[in-house]
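A.B. asks: One structure is given below, represented as structure tokens, and several questions about it will come after.
We did not get these values from a lab; they are worked out from the coordinates using the rules stated. Quantities reported herein were computed from a predicted structural model and do not represent experimental measurements. All Cβ positions, glycine included, derive from the backbone under ideal geometry; neighbour counts span all protein chains shown.
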Amino acid sequence: MTDASAEERQLAKVWARPEGWRYFSDVNNSVIGLWYICAAFAFMLFGGALALIIRLQLAVPDNNLVSSETYSQLFTLHGTVMMFLFAVPIFEAVAILILPAMLGARDLPFPRLSAFGFWCFLIGGVFVCGSIFFGAAPDAGWFMYPPLSTEQSGIGADVWLLGLSFIEVASIAAAVELIVGVLKCRAPGMHINLTPLYGWYVLIVGGMILFAFPPLIAGDILFELERAFDWPFFDVTRGGDPILWQHLFWIFGHPEVYIIFLPAIALLAMIVPTFAQRPIAGYSWIVLSAIGTGFLSFGLWVHHMFTTGLPAISLGFFSAASEAVAIPTGIQIFAFIATVMLGKVTRTVPMLYALGALAIFIVGGLTGVMVAVAPFDFQAHDSYFIVAHLHYTLIGGMLFPVMAGIQYYYPFMVGKTLSWRIGVWSFWLMFAGFNVAFLPMHFTGLLGMPRRVFTYSAEMGWDWLNLISTIGSFVFAAGFLLFVWDCLRPKGHEPNAPRNIWNAGTLEWASKVPSDPWGMRSIPWVHSRYPLWDDKELLSTIDEGKGLLANAGEGKRETLVSAVLDAEPEQVLRVPGPSWIPAITALGLSGVFIFPVFKLWPATALSGVLFLASLLYWLWTGTAVIPEKKTKDIGGGLRLPLYVSGVRSTGWWAMFITMVGDLTAFLSLLFGYFFFWTIHEDFPPPGVDGPGWAWPAVAAGMVILTWGTTLGARLVNARGDRVVARIFLGLGMGLAVATGLALAAGPWTTGLDPTSHAYPAIVWALVVWIIAHLAVGFVMQAYCLAGSIFGKLTPEYDADLWNVTLYWHFTGFCALLTALVIGGFPLLA
Amino acid sequence: MLAAPVILLAGCSPQQSALHPAGVDAHELANLFWFMSAAGFVVWLIVMGAAIYAVLGRRKPTSERFGDNFILIGGVAFPTIGLAILLVFGLSLLPSWGRDDVPELRVHVQAEQYWWRLSYELRDGSRLETANELHLPVDAVIEFALTSSDVIHSFWIPALGGKMDAIPGRTNLLRLEPTKPGIYRGVCAEFCGPSHALMAFPVEVHDADGFAAWLEAEQRPASDVGSGTFLAAGCGACHTVRGVTEISSIGPDLTHLAARGTIGAGTLPNNADQLLAWISSPDHIKPDARMPPYESLPESDRRAIVDYLVSLK
């Protein structure tokens, strides 16, 4: 034990935070998480300010505080900001901050990916929000229904489509990071059924993001193709249909609600046991019902479309599914109440917020049950009743739980305590203000007030109700500002919070105050769900360096990677330290999304080059680095490899998860193809004979060969035959190009004009999607080839080749399916 | 909690209210609303009561099995049974007619930014074109065939029943059955552009005789006395006045404009002053309105046009 303090100095040196202006090059989860939370709350305040202007405009009838055009921008941006820049990002922000400590990891597996996601989010968010100061904000409502939004002049819709697509990249990046974090970075012994509930929720929500966001991205692509290049996906005069957008949007939009709701409930699942001073009741019930909610949430989207003229059978099915989702939600709530009943309650501010959340959310849940009954929705839909319902759901199901979480985790995040008195005041102001503002809206709506009206006449009898709502909204805002003040007020002179201030049982509370960037001094074995309660020796094991990975002798940042199910330690993962490269890469990507809004094509191309160059530099210098030795002794008699490839590596899982999301986007485009088939009696339309079957058949053959050579390269390389592997890779590159050319040749030679009709447009969209993927695959093959030549990729250290092969499994499958559908389906139809 | 809004409701004007029903569907749905609200309130009291008792209560369960039972009964059994009952009851209110059932009256509605093109199917198979004011017979099943010429709108008369979207390229059917004569108000419920808030229409439900009389009056052609300036200014390039000018119907039919209660699709009261303001600068009253402003016409001409319009009873 002589060198215990030496070990500590090593850790401190290796994990030191960059100082001065270099502070912003940090990638450590504890810093990125904090930035992320601050940015999300800043956007939330901005969205709230927009809402207050909306409420002022509606305070009295026939008001002309703002023009109709401004009002449209206000409500569109309010919804967009709250959903895309606050509700989803705050989940990612909080998870990035607390998850590693909760799981006993030193950092997330891909710190630079978190940083990259954060910079994308910040740049994209500022871009979208800033548009309103130029009167150029999107103004067709946050769900952007075409044809209103496709036919609009101005750049508002493009700001929305491209700005948000960019932010969705950040969301998916965070989802990949968090899923791999939960699956692979748990403390040794933290079997999957010992994982804190928060980890389960993160896993489920991460999975939902992978299946929910890609349909929206696919929709965005179609939408932008229509706006920029006049491909008529949603134009009825040329075979398109605006309803396709509604499907794609709500296949995203409804799971989105649960993507927002579940992580907030997850915070309650951590808070409730702590203040009941006992383990959660019904752990398995909660996990199963969270999974159930996740599944069901994908079967409800049509309840946003009840008034679009669907057949009664659809209405019945989606009504039933929408009612059913209340059951798992109810189970979770009753499990929390049961925990409190069985426990010894500490009355604290977080518990007050939790109770307030419950009181509000149940109202939202019950009105949700009401509008799920299709006939009642015919009245309530698009009225202020829905405005009331969705705010009860989101504020009770998300904002209040998140505030409870911030109150609860503030000592963990900042090391100081929040004021009890200010907390109670802000709670009651917000709770009262919220109900005064939103309860009357149920009646305003049923008295006939549609949503999104910028004015109304005094004769309608809505004036008093609206005035009350406006007053309530300002009280609510005052309460929130009080909370913000409490968080931000200088606390330098106050003593630090005691360690584990709430006497909680989970691992994140083992951290010291103030907490260290490396998390725990050493990583203990975990044998229960509440290790701090059940293992009295735990803190001393951690602090005295008796756990695993107690040193950083090689001068590298390291964290443990364990097996997915039983969390047996598998690898010491080297994670990167401070770097500007994520911010530069994000800047490049932001240009790719932002310049097209202004049709600045050369600048777009330049940004693309910057993005690609910095991405390759990032990968080349920082991933799959061959370590200086094969294994490392981490204490406890364990010696673990420093490098693994294939299914045991975090990179493979990240690729797998990313490609699942990518596959979902592809299938959404394919859904578009078959959707057009269902709405047209003649499909392909008469007189169109493209793309024929011959070229697609050639493309199918080519892609099988490309796929095969890439897989072959991996197998041959693993056998040690480097030269043959290089030949295979080079051959694969050529075949990838040939596949792309053959695929394009079909619609090209038969003269399919994408602007003439939705059919050629969707065929081209599929072809372009695949060609883009072939191009990425080509770059990957070239990267591996270079790696092999320059000694970065060897028969022993072949993680890159594993991941590229995995990429080709997905891309090969998608390309094959595309060739079969565009070539073969017209023969059947 | 529910009492205060009920008092508020009693005092307000019920023209556009789903809670002051005047149609079969609206009645059923208002009852469903009150029933679900009351049941929901009871559920809320039970759950919140349990939660507050859990925090503040003194006598508490000690057995671990309590947790599972509590979750099973409160979280599984109770909502499953409650929701199943609600679902059966609620879905029984879905419209049950098939496309073969013939309605007593069919009205074609084409929503446009920002007004309503209405076309009544008459018994002889011909069509009666009008705009922006709906007249319906009481106690009859009326079918609306809804479509749109530009963006998505939604056709909603809260006092008579639920809404249905008007979508370009599609025709959606909606049936309503008014039960009480009177004047109501319909609106566009789907955001359709800057003047979405100003896209309404008065709905007058007549007794059978009253409706027949209206229909007969509406079918008469207009008189061309005083139409000189109206025609010379080119109003006929967009508007039809049956019997006077029928070359174009881009804008609303004006044949019996003066008989309507409002102009600008429920936006302004229909009188000479407002008509003058409207034709001078419609865009000022309804942002993004398609009709161009005619401020450039001499005021005497505009007044002559208004005089003619006022005569179109």
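A.B. asks: In debye, nearest 20: dipole of the protein assembly as shown around its Cα centre with unit charges on the Cβ of K, R (+) and D, E (-)? Could you put the intermediate results ahead of the total?
C.D. replies: Values: 62 positive and 84 negative charges, 879 e Å.
The dipole magnitude comes to about 4220 debye.
A.B. asks: Right, something else. Using only the alpha carbons of chain A, what is the convex hull's orientation-averaged projected area in square nanometres? It would help to have the intermediate numbers written out before the result.
C.D. replies: Details: hull surface 138.5 nm².
Value for chain A: 34.6 nm².
A.B. asks: Please say if the range A:1-116 is rounded, prolate or oblate, where rounded means a/c under 1.5 for a ≥ b ≥ c the square roots of the C-alpha gyration tensor eigenvalues, and otherwise the choice is prolate for a/b larger than b/c and oblate otherwise?
C.D. replies: Details: a/c = 4.22, a/b = 3.46, b/c = 1.22.
Judged from the Cα gyration tensor, the range A:1-116 comes out prolate (a/c at least 1.5, a/b above b/c).
A.B. asks: Here's something else I'd like to know. Between A:Ala136 and A:Leu481, what is the spin-label point distance in nm, taking each point 7 Å from the Cα along the Cα→C-beta axis?
C.D. replies: That separation, rounded to one decimal, is 3.1 nm.
A.B. asks: I'd like the distance between the alpha-carbon centres of the range A:629-677 and the range A:448-522, rounded to an integer number of Å.
C.D. replies: The two parts, judged by their Cα centres, are 36 Å apart.
A.B. asks: Okay, moving on. Cβ neighbours within 10 Å, averaged per peptide: list A:524-535, A:417-428 in order, most packed at the top. Walk me through the numbers on the way to the answer.
C.D. replies: Details: A:524-535: 18.8, A:417-428: 17.1.
Top of the packing list down: A:524-535, A:417-428.
A.B. asks: Tell me which lysines have Cα within less than 28 Å of A:Lys632's Cα, excluding those fewer than 8 residues away on the same chain?
C.D. replies: Hits, sequence-local ones excluded: A:Lys13, A:Lys184, A:Lys512, A:Lys546, A:Lys556, A:Lys792.
A.B. asks: Please get the size of the charge dipole for the range B:18-91, origin at its Cα centre, with Cβ charges of +1 on Lys and Arg and -1 on Asp and Glu, quoted in debye to the nearest 20. Intermediate values should be presented prior to the final figure.
C.D. replies: Numbers: 4 positive and 4 negative charges, 102 e Å.
Value, rounded to 20: 500 debye.
A.B. asks: Out of all DSSP beta bridges with both ends in chain B, state the antiparallel percent to the nearest 5. Spell out each step's value before the answer.
C.D. replies: Working: 32 of 44 bridges.
Restricted to chain B, the bridges split so that about 75 percent are antiparallel.
A.B. asks: Here's a follow-up. Of B:Ser249, B:Pro287, B:Asn271, which is farthest towards the positive pole of the range B:228-311's charge dipole, taken about the Cα centre with +1 and -1 on the beta-carbons of Lys, Arg and Asp, Glu respectively?
C.D. replies: The residue sitting most towards the positive pole is B:Ser249.
A.B. asks: For the range B:161-168, just list the computed ³J(HN,Hα) in residue order, Karplus coefficients 6.51, -1.76 and 1.60, θ = phi - 60°, integers in Hz, with x standing in for Gly and Pro.
C.D. replies: Per-residue couplings from phi come out as x, x, 9, 8, 6, 10, 10, x Hz.
A.B. asks: Would you pull out the residues with amide H under 5 Å of B:Trp116's amide H, same chain only if 5 or more places away, H placed 1.01 Å from N?
C.D. replies: For B:Trp116, whose amide H was placed from the backbone, the distant partners under 5 Å are B:Asn132.
A.B. asks: Let me know the shape class of the range B:228-311, please: from the alpha-carbon gyration tensor, a ≥ b ≥ c as square roots of the eigenvalues, rounded when a/c is under 1.5, otherwise prolate if a/b is greater than b/c, or oblate.
C.D. replies: Working: a/c = 1.25, a/b = 1.14, b/c = 1.09.
Rounded is the answer for the range B:228-311, as its axis ratio a/c remains below 1.5.
A.B. asks: Also, I was wondering about something else. Set the Förster radius R0 to 41 Å, insert the Cβ-Cβ distance between A:Thr678 and A:Leu715 as r into 1/(1 + (r/R0)^6), and round the FRET efficiency to 0.05.
C.D. replies: Working from the Cβ atoms, E equals 0.45.
A.B. asks: Which value, in debye to the nearest 20, gives the size of the charge dipole of the range A:447-573 about its Cα centre, when Lys and Arg are +1 and Asp and Glu are -1 at the Cβ? Walk me through the intermediate numbers first.
C.D. replies: On the way: 12 positive and 16 negative charges, 86 e Å.
It works out to roughly 420 debye.
A.B. asks: Further question on the same structure: Once phi is turned into ³J(HN,Hα) by the Karplus curve 6.51 cos²θ - 1.76 cosθ + 1.60 with θ = phi - 60°, what whole-Hz value does each residue of the range A:348-361 show in order, with x for glycine and proline?
C.D. replies: Coupling constants for the range A:348-361: 10, 4, x, 5, 4, 4, 5, 5, x, 4, 4, 4, 7, 5 Hz.
A.B. asks: Work out from phi, with θ = phi - 60° and the Karplus expression 6.51 cos²θ - 1.76 cosθ + 1.60, the ³J(HN,Hα) of each residue of the range A:438-447, listed in order in whole Hz, and give x for Gly and Pro.
C.D. replies: 9, 4, x, 5, 4, 7, 3, x, 6, 7
A.B. asks: Next question. Among A:Ala567, A:Ala321, A:Leu600, pick out the residue whose Cα is farthest towards the positive end of the charge dipole of chain A, where Lys and Arg carry +1 and Asp and Glu carry -1 on C-beta, about the Cα centre.
C.D. replies: Sorting the options by dipole projection puts first A:Ala567.
A.B. asks: Of all beta bridges DSSP finds with both residues in the range B:128-243, what is the antiparallel percent, to the nearest 5?
C.D. replies: Numbers: 16 of 21 bridges.
Just about 75 percent of them are antiparallel.
A.B. asks: Still on this structure, please answer the following. Which residues' amide hydrogens lie under 5 Å from the amide hydrogen of A:Met190, considering only partners 5 or more residues apart or on another chain, with H built in the peptide plane?
C.D. replies: Distant-sequence amide H within range of A:Met190: A:Val526.
A.B. asks: Using Cα pairs closer than 8 Å and at least 6 residues apart in sequence, work out the relative contact order for chain A, in percent.
C.D. replies: This gives 16 percent for chain A.
A.B. asks: Within 10 Å, count the other beta carbons around each residue, average over each peptide in A:460-470, A:166-176, and list them highest first.
C.D. replies: Details: A:460-470: 20.6, A:166-176: 24.6.
Put in order of decreasing packing, that is A:166-176, A:460-470.
A.B. asks: Let me ask another. Which of rounded, prolate or oblate describes the range B:143-294 when judged by the alpha-carbon gyration tensor and an a/c cut-off of 1.5?
C.D. replies: Working: a/c = 1.70, a/b = 1.24, b/c = 1.37.
Judged from the Cα gyration tensor, the range B:143-294 comes out oblate (a/c at least 1.5, b/c at or above a/b).
A.B. asks: Under the 0.36 nm per residue contour assumption, what length would be gained going from the current alpha-carbon distance of A:Ser457 and A:Ile501 to full extension? Before the final figure, lay out each step's value.
C.D. replies: On the way: separation 44, 0.36 × 44 = 15.84 nm, distance 5.50 nm.
Extending this stretch completely gives an extra 10.3 nm.
A.B. asks: Run through all the Cα pairs of the range A:500-576 and give the fraction in each 10 Å bin from 0, expressed as whole percent.
C.D. replies: Per 10 Å bin, starting at 0, the Cα pair percentages come out as 17, 48, 30, 4.
A.B. asks: After finding the eigenvalues of the alpha carbon gyration tensor for chain B, what semi-axes result from the square roots of 5 times each, listed largest first in whole Å?
C.D. replies: On the way: eigenvalues 501, 98, 57 Å².
Computed over chain B, the values are 50, 22, 17 Å.
A.B. asks: Sticking with the crude label model, points 7 Å out along Cα→Cβ, report the distance from B:Ile183 to A:Thr749 in nm, one decimal please.
C.D. replies: With each label placed 7 Å out from Cα toward Cβ, I get 7.1 nm.
A.B. asks: Compute the convex hull volume of the Cα atoms of the range A:282-416, divide it by the residue count, and report the result per residue in Å³ as a whole number. Working shown, then result.
C.D. replies: Values: hull volume 16.7 nm³, N = 135.
Dividing the Cα hull volume of the range A:282-416 by its residues yields 124 Å³.
A.B. asks: A follow-up question, please. Could you point to the residue in A:Pro196, A:Trp677, B:Ser92 farthest towards the positive end of the protein assembly as shown's charge dipole, with +1 and -1 charges on the Cβ of Lys/Arg and Asp/Glu respectively?
C.D. replies: Final value for the positive-end residue is A:Pro196.
A.B. asks: Helix-derived [θ] at 222 nm for chain A: sum -39500 (n - 2.57) over DSSP H runs of at least 4, divide by residue count, nearest 500? Kindly include the intermediate steps, with their values, before the conclusion.
C.D. replies: Details: 27 runs with 536 residues, N = 829.
So the calculated ellipticity at 222 nm is -22000 deg cm²/dmol.
A.B. asks: If amide H atoms are built 1.01 Å from N in the plane of the peptide, which residues on other chains or at least 5 residues away come under 5 Å of the amide H of A:Ser562?
C.D. replies: For A:Ser562, the qualifying residues are A:Cys185, A:Arg186, A:Glu570.
A.B. asks: Tell me the net charge near B:His153. Cut-off is 9 Å between Cβ atoms, B:His153 excluded, with +1 for each Lys or Arg and -1 for each Asp or Glu. All intermediate terms of the calculation are to be shown ahead of the outcome.
C.D. replies: Values: positive: none; negative: B:Glu112, B:Asp150, B:Asp165, B:Glu190.
Once positives and negatives cancel, what remains is -4.
A.B. asks: Can you tell me the 0 to 90 degree angle between the C-alpha axis of helix B:208-219 and the longest principal axis of chain B, rounded to 10?
C.D. replies: The angle comes out near 40 degrees.
A.B. asks: Something else about it: List the relative contact order of the range A:238-336 as a percent without decimals, with contacts defined as Cα pairs under 8 Å and 6+ residues apart.
C.D. replies: Numbers: 67 pairs, mean separation 37.1, N = 99.
Relative contact order for the range A:238-336 comes out at 37 percent.
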